[in-house]
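The values are calculated or read from the model by the stated rules, or taken from the named source; none is laboratory data. Note that this is a predicted model, so its numbers are computed, not measured. FYI the Cβ positions are ideal-geometry reconstructions off the backbone, even for glycines, and counts take in every protein chain you see.
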Protein chains: 4
Amino acid sequence: MKNVFFSILALVAAFPAQAQLQPKKMTPESSEVWSPEPRLVTPGAASAAVSGFTPPSDAIVLFDGRNLDEWESVQGGAAGWNVADNAIITAPGKGGIQTKRDFGDFQLHIEWRSPAEVKGNSQGRGNSGVFMQGLYELQVLDSYNNRTYSNGQAGSIYKQTMPLVNAAKKPGEWQTYDVAYTAPRFNKDGMMLIPPYITVFHNGVLIQNHTAIQGHTDYIGRPTVKPHGRGPLMLQDHGNTTGFRNVWIREL
Amino acid sequence: MKNVFFSILALVAAFPAQAQLQPKKMTPESSEVWSPEPRLVTPGAASAAVSGFTPPSDAIVLFDGRNLDEWESVQGGAAGWNVADNAIITAPGKGGIQTKRDFGDFQLHIEWRSPAEVKGNSQGRGNSGVFMQGLYELQVLDSYNNRTYSNGQAGSIYKQTMPLVNAAKKPGEWQTYDVAYTAPRFNKDGMMLIPPYITVFHNGVLIQNHTAIQGHTDYIGRPTVKPHGRGPLMLQDHGNTTGFRNVWIREL
Amino acid sequence: MKNVFFSILALVAAFPAQAQLQPKKMTPESSEVWSPEPRLVTPGAASAAVSGFTPPSDAIVLFDGRNLDEWESVQGGAAGWNVADNAIITAPGKGGIQTKRDFGDFQLHIEWRSPAEVKGNSQGRGNSGVFMQGLYELQVLDSYNNRTYSNGQAGSIYKQTMPLVNAAKKPGEWQTYDVAYTAPRFNKDGMMLIPPYITVFHNGVLIQNHTAIQGHTDYIGRPTVKPHGRGPLMLQDHGNTTGFRNVWIREL
Amino acid sequence: MKNVFFSILALVAAFPAQAQLQPKKMTPESSEVWSPEPRLVTPGAASAAVSGFTPPSDAIVLFDGRNLDEWESVQGGAAGWNVADNAIITAPGKGGIQTKRDFGDFQLHIEWRSPAEVKGNSQGRGNSGVFMQGLYELQVLDSYNNRTYSNGQAGSIYKQTMPLVNAAKKPGEWQTYDVAYTAPRFNKDGMMLIPPYITVFHNGVLIQNHTAIQGHTDYIGRPTVKPHGRGPLMLQDHGNTTGFRNVWIREL
């Protein structure tokens, strides 16, 4: 890093007094920043059919309605969930599935649907979850007329931070999560120097705004922390037949 | 604040050692948080017609396609812009318009359209702006095949922070901004103790992620800071006939 | 807010194109910001005697070595702790003490000393706590050669976030916490829209860096959230005779 | 990353419903986090002689009063500044000096002294600067009874963010900066996905609290952004004979 870039910078930095003594005439262009030039992305189109936007040009499509090629079983081997009606359907008892790809910082769009026929209540009703980097759970639950603990309802960072509001749709209707996520940064000691931060829109409604995630999702006790690198997107098998579709990620 | 609430809390806080000596049996319910219960919001529906979501149940609709009842001229008096094709159209030379209502922290949805016929270039093409609290500009510009300075293109916090990518649509097409915004907090000295933070999706693509805004938007020089309370949403007249529609805000 | 200030701003904002067409000559002074002028504070002096800095001119001194005039019992009535050797000493069994004043955003300096004679271990050794706004605990513990759970040792946000390192001094030695704290902001629904953030130096070593606090400190289960306004600084009685001295706060 | 760790986690994550059906008895220990164990650091001692704390055990001492072994000229070659009275003294005209080592995230302690004899005014008086990673300037200036622009006085992020208060000491007196700094994170496009954040205590007084830095320090115009990795600590030659001493860094 002791290179020409720094040398030039230092020269500029060391002698601004000269500029101050001999004021340089400036045009308004002097306050413009031209570099870098933001990369072009062709956005998707808003569509009732997909409950949101179709994937933009730089998205990695993780499920387009056809197959589980991008997924595998969390327990190893092929993803044992089902594909029907252009959706991924949980196969209760088969365990979670996760993407073959690993991710760091990303924007995520995912749609999900709780079973139309209501069975059970509280955590037993339409329970699943979307795990950022395989570790941090954004709760999926049928939270329509279904009171449970606030930090366990749909849109909560499970057992951590409740959503700002409950924007749930009815069971059987497609719902969306639009997520901005930055991964944690660990130091050499394994400490989380910068936690993961997450912003979530649920069905177009802001429910998490730059929420600091405390650690990975545990059912009991406090969130714990383990250093990690990139990780997959994981969908939880919690015993209910939840559907997922139109899953895509943009790496930030 | 020296009330029963604190007294009870203090009692609990002062003697946890006892619980430690005589471990209380816990069920997993001990780690649930039930209060407050997130308020119910009926979300809108994704729709191609509105390039995004229709307003959720708790939104304040600032323009529904019909009239400027929610708006006034920044220079005083009635809003002198036009309504046509269910859109608000800039009336160049009439100056900006702003909402009669003032806002603090909010989620904003707004759609805009640059003139279909391309005239001019750089900052001269489809230029307008959406000002949070009347002060902090999210730039509106026809940035389709129209190179300008990066911190001045569509989706920039004008003359401050460039967008992460350029997700512009073609001139004449409706585009969306979905915004999460928290207002600055000033101290008694008039210092910005907590700056405004803004997250923006442009046509469904994340372009600003928890960006700290430095001060209000100035054309020349550095951003400056003045303490303020709630403020209106303001739309800029920059001499181009930009259209706006489907404008709604949810107070956070 | 629809005042002259906004009107002037809007005029400037509406017609910058003119400046662009007729570039104004600028000097480097154009990028200077002169207002507000930071308020003068006479800083304290670094001193071995106080294990840090003496109070700056705008500090509210909460304990200067002499009496408990600024304090009261959490359970009501006068603060029943002792003053000896220019220090506040916990009176085990009397419950916590708290300041009569309430605070919002602040900088805090506080010094504390665990008993020189080591008794007990883990959480039983030199246990106390400093509660921001009476609710959020920065743990005080004799953490010198005293392993306990990481999120319960000195410098942890108790049962939430462990310190980055263990910078503990020996029992019987004075130790310092220098804290930058911003209070949470709640919305009308009672939701924590902006959490408390805390930065802590322990004996001059950074141990918490902009840590988001999740809720108030509970011994069991997850942190819970209740809306509140300003609150006192609270010191915990956990059954050990911890000393405190040189306590001052600067309101931010 | 598709390893045993994730597999175990996924098993736990997939079947928590069982625990819910058969509540496991928990002790308060269930909410303790034991790993990682914070690394031990022996803190320094508060001392009038060093205007703050002596270096903790894990500090990299960049200047201990004797020589410039840790430094080099920004323009290449040996650092041409002087050492006198156990301090580094600017050699006006020789250009800046920077550390041979590069840093990412860090805590910094540095002491500085403006010339006892006052000459000049505003930016001409005791002007120097401390550059994080060689790029982001924390301003050094004699700001005692010396009005200049607020975002250019001592403790400002130069030409960006003014200090919360003016905690300057008199010319000729030693002053301290205690800094917590996290480096920016850039993405593949060269965009600053996470900006640098800086917290600064000036003579023990909080003057910057988690301030987002906008780009590197430019004398004219807006801050610009260029992706970079680790970088040195740099001291500016601005034509005044500023002294520096007791310089140490802890890598976070």
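A few remarks follow.
The rows are residues; the columns are (1) modelled with pLDDT of 95 or more; (2) in a loop (DSSP other than H, G, I, E, B); (3) loosely packed, with under 14 Cβ neighbours inside 10 Å.
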{"site": "C:Ile8", "(1), (2), (3)": "no, no, yes"}
{"site": "C:Ala13", "(1), (2), (3)": "no, no, no"}
{"site": "C:Pro56", "(1), (2), (3)": "yes, yes, no"}
{"site": "C:Leu68", "(1), (2), (3)": "yes, yes, no"}
{"site": "C:Glu72", "(1), (2), (3)": "yes, no, no"}
{"site": "C:Glu117", "(1), (2), (3)": "no, yes, yes"}
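- In summary, C:Gly155 fulfils each of the numbered conditions (1) within 20 Å of the chain's Cα centre (by Cα); (2) within 14 Å of chain D (Cβ to nearest Cβ); (3) assigned to a loop (DSSP other than H, G, I, E, B); (4) surrounded by fewer than 23 Cβ atoms within 10 Å (Cβ to Cβ) with the single exception of condition (4).
- Contact annotation: residue pairs with Cβ atoms under 8 Å, 6 or more positions apart or on different chains, pairing a residue in the stretch B:109-135 that is touching a residue at least 24 places away in the same chain (Cβ under 8 Å) and farther than 16 Å from B:Gln98 by Cα with a partner that is among the β-branched types (Val, Ile, Thr) and surrounded by fewer than 21 Cβ atoms within 10 Å (Cβ to Cβ), are B:Pro115/B:Thr241; B:Arg125/B:Val118.
- Any hit, the stretch A:180-196, residues being touching a residue at least 12 places away in the same chain (Cβ under 8 Å), more than 9 Å from chain B (Cβ to nearest Cβ) and farther than 21 Å from C:Ile213 by Cα: no
- Under the condition of being farther than 13 Å from D:Met162 by Cβ and either outside any strand (DSSP E or B) or at the interface with chain C (Cβ under 7 Å from one of its Cβ atoms) (or both), the residues counted in the stretch D:202-222 number 14.
- Qualifying positions in the stretch C:52-100 - over 17 Å from the mean Cα position of the chain (by Cα) and at positive phi: C:Gly65, C:Gly76, C:Gly77, C:Asp85, C:Asn86, C:Gly93, C:Gly95
- If only residues of the stretch B:158-171 that are touching an Asp or Glu at 6+ places or on another chain (Cβ under 8 Å), in a loop (DSSP other than H, G, I, E, B) and free of Cβ contacts under 8 Å to residues at least 60 places away in the same chain are counted, the one that is farthest from the other protein chains (Cβ to nearest Cβ) is B:Pro171.
- Of all residues in the stretch C:231-248 being out of contact with any strand residue (DSSP E or B) (no Cβ under 6 Å at 6 or more places or on another chain) and assigned to a loop (DSSP other than H, G, I, E, B), the one that is surrounded by the fewest Cβ atoms within 10 Å (Cβ to Cβ): C:Gly239
- Test result for D:Glu137, within 14 Å of chain A (Cβ to nearest Cβ) and either outside any helix (DSSP H, G or I) or touching a Ser or Thr at 6+ places or on another chain (Cβ under 8 Å) (or both): yes
- The listed residue being aromatic (Phe, Trp, Tyr) and farther than 24 Å from C:Leu252 by Cβ, out of C:Trp71, C:Trp112, C:Trp81: C:Trp81
- Within the stretch C:123-132, the set of residues being buried (at least 24 other Cβ atoms within 10 Å of the Cβ) and either of a type in the set (Phe, Trp, Tyr) or part of a loop (DSSP other than H, G, I, E, B) (or both) comprises C:Gly126, C:Asn127, C:Phe131.
- Among the numbered conditions (1) among the polar types (S, T, N, Q); (2) farther than 16 Å from C:Arg245 by Cβ; (3) at pLDDT 95 or above; (4) assigned to a loop (DSSP other than H, G, I, E, B), the only one that C:Gln98 does not meet is (4).
- Test result for D:Thr224, without any contact (Cβ under 8 Å) to a residue 12 or more places away in the chain and either closer than 24 Å to B:Ser156 by Cβ or of a type in the set (S, T, N, Q) (or both): yes
- Verdict on B:Val205 being among the aliphatic types (A, V, I, L, M) and surrounded by fewer than 22 Cβ atoms within 10 Å (Cβ to Cβ): no
- Considering (1) under 17 Å from the mean Cα position of the chain (by Cα); (2) at pLDDT 95 or above, the lone condition that C:Pro171 does not fulfil carries the number (1).
- Residue-level check: of (1) under 30 Å from D:Ser73 (Cα atoms); (2) at pLDDT 75 or above, A:Thr42 misses just (1).
- Screening B:Gln98 with (1) within 10 Å of chain C (Cβ to nearest Cβ); (2) surrounded by fewer than 22 Cβ atoms within 10 Å (Cβ to Cβ); (3) closer than 28 Å to B:His210 by Cβ gives one miss only, at (2).
- Residues that are closer than 22 Å to A:Ala87 by Cα and of a type in the set (A, V, I, L, M, F, W, C), drawn from the stretch A:201-252: A:Phe201, A:Leu233, A:Met234, A:Leu235, A:Phe244, A:Val247, A:Trp248, A:Ile249
- Among (1) of a type in the set (A, V, I, L, M); (2) farther than 21 Å from B:Phe186 by Cβ; (3) surrounded by 24 or more Cβ atoms within 10 Å (Cβ to Cβ), the one test that D:Ala167 misses: (2)
- Among the residues of the stretch C:237-252, those identified as modelled with pLDDT under 95 and within 7 Å of another protein chain (Cβ to nearest Cβ) are C:Asp237, C:His238, C:Gly239.
Per-residue answers, yes or no, for (1) surrounded by fewer than 24 Cβ atoms within 10 Å (Cβ to Cβ); (2) at pLDDT 95 or above:
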{"position": "A:Tyr181", "(1), (2)": "no, yes"}
{"position": "A:Arg185", "(1), (2)": "yes, yes"}
{"position": "A:Gln214", "(1), (2)": "no, no"}
{"position": "A:Gly229", "(1), (2)": "yes, yes"}
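- Flag if B:Leu135 is under 12 Å from the mean Cα position of the chain (by Cα) and within 22 Å of B:Phe244 (Cβ to Cβ): yes
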